[in-house]
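Contents: one structure, followed by commentary.
The values are calculated or read from the model by the stated rules, or taken from the named source; none is laboratory data. Keep in mind it's a predicted model, so treat the numbers as computed, not measured. Cβ coordinates were reconstructed from backbone atoms using ideal geometry, including for glycine residues, and neighbour counts include every protein chain displayed.
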Amino acid sequence: MGGGRYRLKRRRIIRFSGCNIGLGAFGRRGCGWCDSKKRKTPHAIKPNPDYLKIVTPTNENLRFVNPVEPSFIAEWARRLYSPDTHAISLTGGEPLFQPEFLASTAESLKNEGFKLYLETNGSMPAHAARISHLLDYCCCDIKDESAGAAENWRKLVELELETIKILSDAGVAVFAKVVVTSNTKLENVEWYSRELSRINCPICIQPVTPKNGYLPPSFQQLCIFTEAAARYLGSENVSLSVQTHKFLGIL
Ligand code: SF4
């Protein structure tokens, strides 16, 4: 997950462990560039880590034995609040992979008065529907074919579009994020944009952060993609993002 139009506003991040796509729900072992592969965050895919880690703004690392209660998460969100907190980001892994815990956590956070921002791979529309009334913002993935995340990649994209429609109809400010690579096909960007235009959803195009052999598109390719998207969605509904936290060396 990560990236998006609201990134310049400061969010507190709650990172859920486990991801259905990474665990093979679509016949492959996740996106080729997933952080869980080869290195530091295996919990992005694997559920049930032994402990919860809290990193404070002063870089303290605190550990608590799992499982924890949703009220515990809300209590820590309140303790770590600062006036520039725009929203609480629910990210992963895949937050919707733990629908019961996510719903209870979202309710606890709402009761504390926080705005909620969901970052999801979009592959579980029924789970998204269940918490739609609690969300303010959502960044929903459209997985590009070059991610290699699914045997039936078109089916995955259709589920993602369904999630976007459900959330948009519920009044959530939702946008689609597509991570593009040097192997992304123009016809696919056109397909996503055409479908998104039918449900009035903006698109955010994010060049992949080089990893596991994946390379970002050239500047020229990127311009071709944004132009194609704008042809369907209008220039005001097309944006670019990068993984700013990686450039800044933060979580
Ligand atoms: S959806 Fe996210 S967490 Fe899941 S495999 Fe892809 S990059 Fe990893």
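Just a few scattered comments:
- For the range 186-204, a tally of residues being under 13 Å from residue 231 (Cα atoms), surrounded by 15 or more Cβ atoms within 10 Å (Cβ to Cβ) and of a type in the set (A, V, I, L, M, F, W, C) returns 4.
- Check on residue 5, modelled with pLDDT of 90 or more, assigned to a loop (DSSP other than H, G, I, E, B) and among the basic types (Lys, Arg): no
- Residue in the range 141-158 that is away from the ligand (no atom under 16 Å from the Cβ) and crowded, with 21+ Cβ neighbours inside 10 Å present: no
- As a summary of the residue check, residue 217 satisfies the conditions (1) modelled with pLDDT of 95 or more; (2) under 18 Å from the mean Cα position of the chain (by Cα); (3) of a type outside the set (Lys, Arg) except for the one numbered (2).
Here's the yes/no breakdown for (1) of a type in the set (A, V, I, L, M); (2) at pLDDT 95 or above; (3) surrounded by fewer than 24 Cβ atoms within 10 Å (Cβ to Cβ):
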{"site": "83", "(1), (2), (3)": "no, no, yes"}
{"site": "90", "(1), (2), (3)": "yes, yes, no"}
{"site": "105", "(1), (2), (3)": "no, yes, no"}
{"site": "120", "(1), (2), (3)": "no, yes, no"}
{"site": "125", "(1), (2), (3)": "no, yes, yes"}
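- For the range 242-251, the set of residues classified as over 18 Å from residue 176 (Cα atoms) and assigned to a helix (DSSP H, G or I) consists of 245, 246, 247, 248, listed by residue number.
- Filtering 145, 158 for residues that are modelled with pLDDT of 95 or more, farther than 20 Å from residue 91 by Cβ, among the acidic types (Asp, Glu) and touching a helix residue (DSSP H, G or I) at 6+ places or on another chain (Cβ under 8 Å) leaves a single hit, 145.
- Within the range 41-81, tally of residues that are buried (at least 18 other Cβ atoms within 10 Å of the Cβ) and assigned to a loop (DSSP other than H, G, I, E, B): 1
- Residue list for the range 205-241, filter: part of a loop (DSSP other than H, G, I, E, B), in contact (Cβ under 8 Å) with a residue 40 or more places away in the chain and either aromatic (Phe, Trp, Tyr) or surrounded by fewer than 19 Cβ atoms within 10 Å (Cβ to Cβ) (or both): 209, 212, 213
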